[in-house]
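See structure below.
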Amino acid sequence: MNRALLRWAERVGYQVGWAPAAVLSVVRQDIERQLVSGAIDAVFARENLGFRFPEDAERDVGWRVVVVLMPRPAHLVGFVVSGRRVEAVVPPTYLRYRETFGDVRRELESRVWNGSKVATLAVPLKLLAARMGLVRYGRNNVAYSAVAGSYMQILGYLTDATLPVPASWQPSEPALLPQCERCRACETGCPTEAIRRSQVPLVVERCLTIVNEKPGPWPPWVPSSAHRCLIGCLRCQQVCPANGDLEAVPSGVEFTEEETRELLDADDGQARYSDQLLSKLESIVGPQEARVIGRNLGALLANGASGSAARLHGRRHSQTRQAE
Ligand code: B12
Ligand code: SF4
Ligand code: SF4
């Protein structure tokens, strides 16, 4: 079964790894320790993390955890403003984020191991992949793999498929990229000072992503020049010397001038769009994020970023350089 998994991963260009389900209790305890010490804020955790650890399976020696690292490109979305087509960048992982977990689960269940059970894990996936020795952290708090740098979606599954693990298996210690020792590019490049050299965990409440994925007014600490993506932010990954160039591909989603106007007219992040517009937005992001696209597009246009900076990000590139 491990050969089938490795053959599949090679064919589709993903990286995979597996470990005893006991790795989940290591990850759970890491998180619990950081919650107790205050390193992870309890309110932030309650509102944003929602992890569910399958504690029964953690103790079952037969179950395995499988992590899949899927390289993902950025996507370009077209709008029409005053008769001119502009493109905006959607960072890797947003397009079909949730659906991708299901796609891979079904593929593993039906094509790779016909008959084994596979369940999607809702656990801290960077930490899980780090504990399985598959990734290193960057100082920007994003995980890097040897094949895709940081431009990837991390997927985690629990399975009863027979995957051999050596009796000597031990969890890895989370480690920083060696490049981070002498580099400050992400710290100085972050537009909202969410990265601090003195600590690895991000100052999450200062990350643009946490604000631009949710409705509401822009906080005063977000400079207008920070807006360069339709949602999320790429800055700390794009300035990182451990990353290759980011590939940007057309999403196939184009908004007419009328639709663009509807988006911009309801730009407070609480928008009630028409069903047709909403379903188009939901082909880019999830239903929650769809509500903020008009507000974000407005900020992008005000920053002059949709035609110039966004197109600059959107040049077609290939991912070549490796993380280490
Ligand atoms: C909540 C969340 C967010 C929140 C909060 C981030 C956070 N730090 O928690 C916000 C909205 C800000 C966010 C932003 C982004 N996210 Co996000 N997010 C998540 C989610 C749901 C949970 C993350 C998590 O585990 N948080 C808990 C924290 C505390 O864990 P941690 O970040 O791993 O931190 C650990 C280390 O700091 C370690 N540690 C502590 N001290 C030390 C010391 C050393 C030396 C070392 C090495 C480690 C270490 O301990 C911490 C945990 O115990 C995951 C999906 C999932 N289920 O895992 C996606 C996920 C992490 N996000 C992802 C992405 C792509 C992003 C964005 C790039 C999106 C974008 N383009 O805008 C940004 C990146 C921002 C950044 N610079 O980190 C990807 C990451 C892919 C990758 N290559 O790493 C994930 C895994 C989704 C996926 N399935 O692929 N995200
Ligand atoms: S930009 Fe530099 S410090 Fe930041 S993650 Fe990349 S190598 Fe590390
Ligand atoms: S995603 Fe953007 S705002 Fe968040 S840490 Fe990286 S550069 Fe800073």
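Details
- Filter pass, Gly138 being within 14 Å of ligand 2 (Cβ to nearest atom), on the phi > 0 side of the Ramachandran plot and not hydroxyl-bearing (Ser, Thr, Tyr): no
- Qualifying residue in the stretch 129-140 (condition: surrounded by 14 or more Cβ atoms within 10 Å (Cβ to Cβ), modelled with pLDDT under 95 and not in a loop (DSSP other than H, G, I, E, B)): no
- Scope the stretch 180-190; condition surrounded by fewer than 18 Cβ atoms within 10 Å (Cβ to Cβ) and either closer than 14 Å to Tyr137 by Cα or within 9 Å of ligand 3 (Cβ to nearest atom) (or both); matching residues: Glu181, Gly189
- Residue-level check: of (1) within 28 Å of Val43 (Cα to Cα); (2) in contact with a strand residue (DSSP E or B) (Cβ under 9 Å, 6 or more places away or on another chain); (3) within 16 Å of ligand 3 (Cβ to nearest atom), Leu128 misses just (3).
- Any hit, the stretch 194-204, residues being more than 24 Å from Ala129 (Cα to Cα) and loosely packed, with under 15 Cβ neighbours inside 10 Å: no
- The sole residue among Val222, Val253, Val211 that is more than 12 Å from ligand 1 (Cβ to nearest atom) and not in a loop (DSSP other than H, G, I, E, B) is Val253.
- Selection status of Pro220, free of Cβ contacts under 8 Å to residues at least 12 places away in the same chain, more than 29 Å from Gly38 (Cα to Cα) and more than 16 Å from ligand 2 (Cβ to nearest atom): no
- Residue, nearest to Ala175 (Cα to Cα), within the stretch 187-203, restricted to residues that are assigned to a loop (DSSP other than H, G, I, E, B) and hydroxyl-bearing (Ser, Thr, Tyr): Ser198
A quick yes/no check of all residues on (1) crowded, with 16+ Cβ neighbours inside 10 Å; (2) away from ligand 1 (no atom under 16 Å from the Cβ); (3) at positive phi:
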{"position": "Gln238", "(1), (2), (3)": "yes, no, no"}
{"position": "Glu247", "(1), (2), (3)": "yes, no, no"}
{"position": "Glu258", "(1), (2), (3)": "no, yes, no"}
{"position": "Leu263", "(1), (2), (3)": "yes, yes, no"}
{"position": "Ser274", "(1), (2), (3)": "no, yes, no"}
{"position": "Lys280", "(1), (2), (3)": "yes, yes, no"}
{"position": "Pro287", "(1), (2), (3)": "no, yes, no"}
{"position": "Gly294", "(1), (2), (3)": "yes, yes, no"}
{"position": "Leu300", "(1), (2), (3)": "yes, no, no"}
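- Search result, residues across the stretch 177-208 that are away from ligand 1 (no atom under 11 Å from the Cβ) and touching a residue at least 60 places away in the same chain (Cβ under 8 Å): Pro178, Gln179
- Here the condition is being out of contact with any helix residue (DSSP H, G or I) (no Cβ under 9 Å at 6 or more places or on another chain), polar (S, T, N, Q), away from ligand 2 (no atom under 16 Å from the Cβ) and touching a residue at least 24 places away in the same chain (Cβ under 8 Å); of Thr120, Thr100, it holds for Thr100 alone.
- In the set (1) under 22 Å from the mean Cα position of the chain (by Cα); (2) modelled with pLDDT under 95, Cys236 fails one condition alone, (2).
- Test: Gly156 is away from ligand 2 (no atom under 16 Å from the Cβ), buried (at least 20 other Cβ atoms within 10 Å of the Cβ) and of a type outside the set (A, V, I, L, M, F, W, C): yes
- Qualifying residues in the stretch 162-179 (those that are out of contact with any helix residue (DSSP H, G or I) (no Cβ under 9 Å at 6 or more places or on another chain), farther than 27 Å from Leu202 by Cα and of a type in the set (A, V, I, L, M, F, W, C)) - the one farthest from ligand 3 (Cβ to nearest atom): Ala167
The values are calculated or read from the model by the stated rules, or taken from the named source; none is laboratory data. A quick note: this is a predicted structure, and the numbers were derived from the prediction, not measured. As a convention, Cβ positions derive from the backbone with ideal geometry for all residues, glycine included, and neighbour counts pool all protein chains shown.
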